[in-house]
Amino acid sequence: MTLRVDDRDGIAVLTLENAEAMNSFDPDLLREMRGLVTDLLESPDVHGLVLTGSGRAFSAGADVGGFREANEAGTTTDFILAATEHLHPMLWDLHGSHKPFVAAANGVAAGGGLGLALAADARVGSSAARFAAGYFGIGASPDGGSTWFLPRLIGFQRTKRFFLDNEVMDAEAALGCGLLDEVVPAEELVDRAVALCRRWTDWAPHSVESTKRLLEASHHNDLVTQLDLERGLIAAAGGTADFREGVAAFLEKRKPAFSKR
């Protein structure tokens, strides 16, 4: 499987290019992809990341043919552990990065591919976007962070139905329940995702990183703890050059020129 990276003036567009196999992956591909994602997130020349697929799939997740071979060899558990050894840390890195991450869902996102879409800060889809867990159909249980991400996006009960019905959710339903943020024509999909990602890179890195951290923490913090965290982070912002620039720009009625990282 080929992983293609295109530079859109500081926004890296990572495309999964194995359309015939619906951009499915195996442990070796995930190892390669994880290394590439790490390089992109650490590069000072990359300010945001867009992930999309080729053909009719965003990503179908793990290669079911690989599961069959592992079943025949008696190595299924090792196969799954090897895949998640790379998929799960990559999802954490993507979701936790201060760099905006947008998924451009061109088609089916299933299994671990669903997790890749859910880990993003936003999801833009074409009318061909479809979202499926798919685990129940092969006698498995969910992975890829889907049981953590999805309830936070669409609610606990809607998520339970999604899994237990082994549902395939189309773009209209995904937009209606909040899984998708926007639906755009297929020919505009990547451009729209890049534009959204670029808009978010215009803010100060501290603002983006701290807000993402605060929103994640709000799920388990009580109000007092959350207020303390907010206090510490906004106080830290006050010591940055970006804060000084933002205040000056506001008073001078001009657009601020924040740093990039």
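Values computed for the structure shown
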{"quantity": "Qualifying residue in the stretch 235-242 (condition: buried (at least 16 other Cβ atoms within 10 Å of the Cβ) and outside the structural domain of I11 (by TED's automatic domain parsing))", "calculated": "yes"}
{"quantity": "Within the stretch 148-261, helices (runs of 4 or more DSSP H) holding 2 or more residues that are over 28 Å from N106 (Cα atoms) and in contact (Cβ under 8 Å) with a residue 24 or more places away in the chain", "calculated": "205-217, 223-237, 241-251"}
{"quantity": "G134, sole failed condition from (1) on the phi < 0 side of the Ramachandran plot; (2) assigned by TED's automatic domain parsing to the domain that holds H95; (3) in contact (Cβ under 8 Å) with a residue 40 or more places away in the chain", "calculated": "(1)"}
{"quantity": "Residue satisfying all of: in the stretch 22-75; of a type in the set (S, T, Y) and in contact with a strand residue (DSSP E or B) (Cβ under 9 Å, 6 or more places away or on another chain); surrounded by the most Cβ atoms within 10 Å (Cβ to Cβ) among these", "calculated": "S59"}
{"quantity": "Candidates T38, T15, filtered to the one that is in a helix (DSSP H, G or I) and among the polar types (S, T, N, Q)", "calculated": "T38"}
{"quantity": "Whichever residue in the stretch 24-41 is touching a helix residue (DSSP H, G or I) at 6+ places or on another chain (Cβ under 6 Å) and of a type outside the set (A, V, I, L, M) and, among such residues, is farthest from D93 (Cα to Cα)", "calculated": "D26"}
{"quantity": "Flag for V102 being more than 12 Å from S146 (Cα to Cα), of a type in the set (V, I, T), under 8 Å from the mean Cα position of the chain (by Cα) and crowded, with 24+ Cβ neighbours inside 10 Å", "calculated": "yes"}
{"quantity": "Close pairs (8 angstrom Cβ cut-off, 6 or more residues apart or separate chains): touching a residue at least 24 places away in the same chain (Cβ under 8 Å) and assigned to a helix (DSSP H, G or I) in the stretch 107-124, buried (at least 24 other Cβ atoms within 10 Å of the Cβ) and among the β-branched types (V, I, T) anywhere", "calculated": "none"}
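The values are calculated or read from the model by the stated rules, or taken from the named source; none is laboratory data. Nothing here was measured: the structure is a model prediction, and the numbers come from that model. Quick reminder, even Gly has a Cβ in these numbers, built from the backbone with ideal geometry, and neighbours come from all protein chains shown.
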